[in-house]
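Take a look at the structure below.
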Amino acid sequence: MVTRISFVLFSLCLCGTIFSQTSLRDTFPEVLVTGSRLPLAEIGRQVERVDSADLSAFRADELGELFLLDGQFQVRNNGIGLSTSTGMRGGTGVQTVVLWNELNIQNPTLGLVDLSLLPTFFADELQVEYGGSAALWGNGAVGGTVHLTNERPYGQGLQLGLHGEFGSFTRGQGGLTVNYGGERFTSSTRVFMAGGRNDFPFDSSGVERTREHMRTRQWGILQDNALRLADNQEVGLHLWYQEADREVPGSIAFPSEGFQDDQIVRILGDYRLTNARFGLIARLGYTRDRIQFELPAFDLNSDNRGEQLIGEVETRFQLAPRHQLRAGLNNTWLRGTSTNYPEEASQNRTALFAAYTWLSRDLRWQLNLSARQEVVDGEFVPFVPSLGLEGALTDWLTLKAAASRNYRLPVLDDLFYNDGFSIADPELEAEQGWSQEAGLVAQKQPAEGFSWRLSSTFFNRNMDNWIAWLPDSNFVFSPRNIREVWSRGLENEVEMGYTARRFHTRLSLRYDWIRSTIEEDEDPESPNLGNQLPYVPEHKVVAALLLGYGPFQFTYRHNYTDVVFGNDANSLSVPAFHLGQIRVDYMLRGRWGRLTLYGALDNVWDTDYQLVAGYPQPGRMVEGGFSFWWE
């Protein structure tokens, strides 16, 4: 299998070298000429680029913390630093794909990525793509896709960065960055360490108690290298290694003391060729996730390992100045071993995908038509087409619309897990369905220094064969394709900004309404029909106000999350809550570099809240830190 991937990569790279001798005047925007498929996904869809200032503010946090305060996600975890998942547009964690430099980094046994093990520090750019796009990204891209990207600082010389943060409950994180950018070679190294006791007080029926057995420790290193072979050819090698050691507490009602060790390895090599008429990208990636869990009170020990080997080739042909075609081949090999698997599990997936893009003569309208066909162990999965349309109605108003078919394959745990209390089903079928969205974006700069942007998007998604783990009469859990789920909602956002000399300000406000309900169930008379899915808030509001003058900056962030339900019957509820954060930054600049000092107050209103029923979150917290950059 590896030999087959290598041969295909070599053949297409040779083809690309021949094509690179030709040229053609290209009227396409630069983002559509470069290698990434993300600009294609933006046509007709909502894609949010996380502001660089927000990335910097959360540099010492993991991605789950950023999404909780500054994003429109259903974030779920059992406490600070513990396993974190997220859902988008009424979906689940396994219906959200995470890509690192366009390499899928989902754990193949679980089908998701633990956001508490994704340091924001490891990303230069962060984009969030809302809605289904399986035609472009493949299996699991149902609710949305998160893109983590590393920049290549050609020509920027030597750069050094150092940051540290310390806060309540002995929490801390420190990181070091060393970049070198020559004319043809770049190298970037990032190292971080983080941890804390996380022994915060909480209210339990009017009695103050302390959350214990929550110590976390983790460290990681990211190495990114790139070499320009020619002006239009480049090779890259990206390495990611990380370890975590965490104490895992039980719920308030059922306290226990578990231990979890994680080890992550991610390796990606890529080759890029780009010119006006032809482009090529070849990727070969490997990921390994190992999770060891121990629960002494129940004499439970498990060792789970998941591996992926992913080979992909993508080509771009400029058919005419306003017509572009992309086509590619992806082969993904999965292997999983577990204490709770009867034997080693493996799976091979091969997919062909293509995308056609059209621009109007006046360059005001864009259309993208994409499709993918995947074969899993010799069996065809649903063919998934996608259509996106976007155009300028006026100089300040843009229309977006998209429709797609999407799917999610059962993960290895769904197919092979068996510990006596939970038994997998190897005959499970893929989840599949259709999604649509349409929206308007208005933006303008009516005066010098002042700008505003307003967007509103309606989405709809119907999914069949929804997989759920449910108990039988003997309380043995098994996964079953039993449901049809209908998700729909309205996403609204307004942003305003003003800059005048040394003063700048920005205000953003977002409101989402989402209904994600069970429409069909195994029992046609089930009382759960029409109920909201667990842990999907119907209403959510995120707001941020930034005020800056000279070296000072003040930021207030606020998040309102509506009540959510902890089960299908909607009989167990988790109350709605408000979260606020105040942060003050002071920046010093000189020939020696740039130094930022900051202090923050989290959970300003000292809210008692939970993200998962029975697992309290911390109250008011203080943190402070610094960030130094030299170049």
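List of remarks:
- Sorted largest first by accessible area at a 1.4 angstrom probe radius, with every protein chain in place, the residues Phe254, Phe577, Phe565 fall in the order Phe254, Phe565, Phe577.
- Comparing Cα centroids, region 375-451 and region 222-245 end up 28 angstrom apart.
- Shape class for region 210-264: prolate, because the ratio a/c of the largest to smallest gyration tensor axis (alpha-carbon atoms, square roots of eigenvalues) is 1.5 or more and a/b beats b/c.
- Region 84-151, relative contact order in percent, only Cα pairs under 8 angstrom and at least six apart counted: 41 percent
- Dividing the Cα radius of gyration of region 363-477 by its Kirkwood radius returns 1.21 for Rg/Rh.
- Per-residue [θ]222 nm for the chain (sum of -39500 (n - 2.57) over DSSP H runs n ≥ 4, rounded to 500): -2000 deg cm²/dmol
- Förster-model FRET efficiency, 35 Å R0, Val584 and Ala276, C-beta, rounded to 0.05: 0.10
- Note: relative contact order over region 95-194, using C-alpha pairs below 8 Å and six or more positions apart, is 23 percent.
- Calculated log₁₀ intensity ratio I(q)/I(0) where the Debye formula runs over C-alpha points of region 473-578, q = 0.15, 0.18, 0.20 Å⁻¹: -0.76, -0.93, -1.04
- The stretch between Asp606 and Leu295, if pulled fully straight at 0.36 nm per residue, gains 108.8 nm over its current Cα-Cα span.
- Rg/Rg_ref, region 504-631, where Rg_ref = 2.2 N^0.38 Å and atoms are Cα: 1.49
- The residues of region 219-276 have, on average, 41 Å² of accessible surface per residue, using a 1.4 Å probe with all protein chains present.
- Rounded accessible area of Ile43 (nearest 10 Å², 1.4 Å probe): 0 Å²
- Using only alpha-carbon positions in region 90-148, the gyration tensor eigenvalues give semi-axes of 17, 13, 10 Å once each is multiplied by 5 and square-rooted (largest first).
- Column: log10 I(q)/I(0), Debye, Cα scatterers of region 299-396, q = 0.23 Å⁻¹: -1.14
- Each residue of region 169-265 gets 119 Å³ once the volume of the Cα convex hull is shared out per residue.
- According to the Kirkwood relation over distinct C-alpha pairs, the hydrodynamic radius of region 539-579 is 12.5 Å.
- Overall dimensions of the chain, expressed as equivalent-ellipsoid semi-axes from the Cα gyration tensor (√(5λ), whole Å, largest first), are 35, 32, 27.
- Computed Kirkwood radius, in angstrom, where 1/r is averaged over Cα pairs of region 554-598: 14.1 Å
- Kirkwood-type radius of region 398-552, with distances r between different C-alpha atoms, in Å: 19.2 Å
- Accessible surface for region 341-428, divided over its residues, is 48 Å² per residue with a 1.4 Å probe.
- Label zone (Ser302, point 7 Å along Cα-to-C-beta; backbone nitrogen cut-off 17 Å) within region 252-273: 256-263.
- Looking at region 451-600, the accessible area is 50 square angstrom per residue; that uses a 1.4 Å probe and ignores ligands, DNA and RNA.
- Using a probe radius of 1.4 angstrom, the carbon and sulfur fraction of the accessible surface of the chain is 58%.
- Taking the Cα centre of the chain as origin and assigning +1 to Lys and Arg Cβ atoms and -1 to Asp and Glu Cβ atoms, the resulting dipole is close to 2780 debye.
The values are calculated or read from the model by the stated rules, or taken from the named source; none is laboratory data. All of these numbers come straight from a predicted model, not from anything done at the bench. No Cβ is skipped: glycine too gets one built from the backbone with ideal geometry, and neighbour counts run over all protein chains shown. Areas reflect the complete protein model, heavy atoms only, side chains present, ligands, DNA and RNA absent. Shrake-Rupley method; radii C 1.70, N 1.55, O 1.52, S 1.80 Å.
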